[in-house]
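The values are calculated or read from the model by the stated rules, or taken from the named source; none is laboratory data. Note that the structure is predicted; figures quoted are calculated from it, not measured. Neighbour counts run over all protein chains shown; Cβ positions are idealised from the backbone, glycine included. Areas reflect the complete protein model, heavy atoms only, side chains present, ligands, DNA and RNA absent. Shrake-Rupley method; radii C 1.70, N 1.55, O 1.52, S 1.80 Å.
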Amino acid sequence: MTTATRTRALFREDAYLTHCDATVLAVGEEGVLLDQTVFYPLGGGQAGDTGALVLADGTRIPIADTRKAKFEGATPDDALHLPAPGQQALLARLAVGERVRAEIDWTRRHRHMRLHTASHLMCAVLPYAVDGCSITADYARLDFATVEPIEREQVEARLAELVAGAHAVATEWITDEDMAQRPELVRTMSVKPPMGLGRVRLLRIEGVDLQPCGGTHVQNTREIGGLRVAKLEKKSARTRRLVLELVE
Ligand SMILES: [Zn+2]
């Protein structure tokens, strides 16, 4: 699969978009590439979106995952929509240039947004470097590089305070050069800031946290809702693992 055209990542401009119309740029065993999409591709610890591509006649092609395209010349925004197993016959009906409607599983994605924003709060609660993170619809798992004990009750109380504080969440952009001069902004050692596009997106939680991030977030910490520390363990001699869950 090769293409000179890049995907426009609509979720980066508005994480609340649940669907969009799009044109098929390429289709193959690797997946479907669109000219624009609301599907977030797995990255920065956050799971890829699921949903469906809907053809003009209403036929739905279930999408089981979204990944960054790896073909030569692919840009970081080029996302491959991976059909659920057994969809080859439906996929064969998709032609380059065809118009489809891309719809994400919004219930699942909104949980990603809440838990992803919560993981930023965690960075404010615990002042340690993060050396691993995974955000799914069920939990946010963070590995902190520290030997210090972590108190579950203290963490939950501080998180509840930050959620109730209704802090605004917004994105801003800085140039690659500015990013290179502000290494202190990077909190997650395992995820490099997305440089190489000329500019880097920062996620600011007003008065709480500021760090480079390309993921999807809610627009106010209040929207995260209740959180609990589901697991707290010593992962290695120098790492403490913490798993957050939403309290419904
Ligand atoms: Zn983020």
Quick shape check on segment 108-247: root eigenvalues a ≥ b ≥ c of the Cα gyration tensor, a/c under 1.5 is rounded, otherwise prolate if a/b tops b/c, else oblate, and it reads oblate
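Grab the Cα-Cα distance for Ala145 and Arg8, subtract it from 0.36 nm times how many residues apart they are, and report the gain in nm with one decimal.
Taking 0.36 nm per residue and subtracting the Cα distance, the gain is 45.8 nm.
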Mean-square fluctuation maximum in Gaussian network of the chain, Cα pairs under 10 Å, restricted to Gly215, Gly165, Gly45, hits Gly165
For Ile104 the rounded accessible area (nearest 10 Å², probe 1.4 Å, non-protein molecules ignored) is 20
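Efficiency by 1/(1 + (r/R0)^6): what FRET value for Ala160 and Glu72, r their Cβ-Cβ distance, R0 = 45 Å, to the nearest 0.05?
0.40
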In segment 33-181 the accessible area split gives carbon plus sulfur, as whole percent at 1.4 Å, a share of 51
Expressed in µm² per second, the diffusion coefficient of segment 31-107 from the Stokes-Einstein equation, with Rh the Kirkwood radius over alpha carbon pairs, at 37 °C and 0.692 mPa s, is 258
Sparse-neighbourhood loop hits (GluC sites (Glu not before Pro), segment 21-105; DSSP loop; Cβ within 10 Å at most 11 others) -> Glu29, Glu72
To the nearest 10 degrees, the tilt of helix 152-164 (Cα long axis) against the first principal axis of the alpha carbons of the chain is 60
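Suppose R0 equals 30 Å. What FRET efficiency, 1/(1 + (r/R0)^6) with r the Cβ-Cβ distance, do Glu153 and Trp173 give to the nearest 0.05?
The formula returns an efficiency of 0.20 here.
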Of Pro127, Pro85, Pro41, the most mobile residue in a GNM of the chain (C-alpha springs, cutoff 10 Å) is Pro85
Per DSSP, the loop-located chymotrypsin sites (Phe, Trp or Tyr not before Pro) within segment 43-148 having at most 14 other beta carbons within 10 Å are Phe71
One point scatterer per Cα, no solvent, Debye formula: log10 I(q)/I(0) for the chain at q = 0.14, 0.16 Å⁻¹ comes out as -0.93, -1.14
Probe 1.4 Å, heavy atoms of protein chains only: per residue, the accessible area of the chain in Å² is 47
